[in-house]
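Reading through the C-alpha cells given below for one structure.
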C-alpha cells in the first residue's frame, strides 16, 4: 500500500508554522488534490510563528489565510497570552502534570476556536477536509488535543453548518519520533528542523531548549536519528 494514499478533494490546514502543523501541511500536499492553509493571530507570546507560517506557506506554494482572533488573548489567560505569566520548563510542566494540573501554556478553547473558524473558511473556499496537527500520544496535557474532542467537534461543526467536513489528525497516534520519521518520509526533514518555530519562547529552529515544546521536539529528533543512523547522530 502507498505510504500516503490519495484522498480526492480540497483541504484546509490549520497552520501555526511549527513542527507538527508544517509536517501536516506537507502531508496534506501529498494526499489531497488542493491545499490551503490558515494561521491564527491571537497576540501570542511566540507571535513570530505567524511570520514563519507565512514564509513556509509561500515556499510550499500554498494559499495562506491569516485570521485575527485577538479576542482569545482577552478571554484566555495563559503563559502564551500573558507576558507576566512565565513559561514553565519541561521539568516543571511534567511535575505539574503529575499533580493533575493543566500546563501554564494551555490556552482555553484555542483548538475549539481554531477548528471552528477553519470549518467556516473551508465552507467558503469549497474544501471538505480540515487538517490539524494535534496529538494525544506525545503531548503536553492539553485536553483539546485529544481524539475524543476532535471527533466531537467534527460532529458539531457539521451539524452547525449542514456540511460533511472531515477533520484529519495524521499525527494523533504518533509520538515525536514518529512525527520526525513522517517528515523524513515526506522529504522535508531539513525544512521542519530549520525553518519551523515550535518554541514557546519564539526561537526558530531548535528553539530555547528548555520549554516543554522544545523538550518534546528535541527528544523525538534524537530518538529518530538514533534509530536511523545509530547512536553517533547529530544532536539538536
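Here are the numbers:
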| read-out | value |
| --- | --- |
| Label-point gap, in nm, between residue 75 and residue 43 - each point 7 angstrom along Cα→Cβ | 1.5 nm |
| Tensor-based shape of the stretch 29-86 (alpha-carbon gyration tensor, a/c under 1.5 rounded, otherwise prolate or oblate) | prolate |
| Cα centroid of the stretch 46-121 to Cα centroid of the stretch 134-191, whole Å | 15 Å |
| FRET efficiency for residue 95 and residue 163, using Cβ-Cβ distance with R0 set to 45 Å, rounded to 0.05 | 0.60 |
| Spin-label proximity, residue 51 to the stretch 1-26 - amide N less than 16 Å from point 7 Å beyond Cα toward beta carbon | 17-18 |
| Computed E for residue 4/residue 201 - FRET, C-beta separation, R0 45 angstrom, nearest 0.05 | 0.85 |
| Label point at residue 124 placed 7 Å out along Cα→Cβ; residues across the stretch 59-84 whose backbone nitrogen lies under 20 Å | 62-73 |
| Stretch gain in nm, segment residue 229-residue 112, where the contour uses 0.36 nm per residue and the Cα spacing is subtracted | 38.2 nm |
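Every number here is computed from the coordinates shown, using simple stated rules; none is lab data. Because the structure is predicted, anything quoted here is derived from the model rather than measured. Positions of Cβ are backbone-derived with ideal geometry, glycine not excepted, and every protein chain shown enters the neighbour counts.
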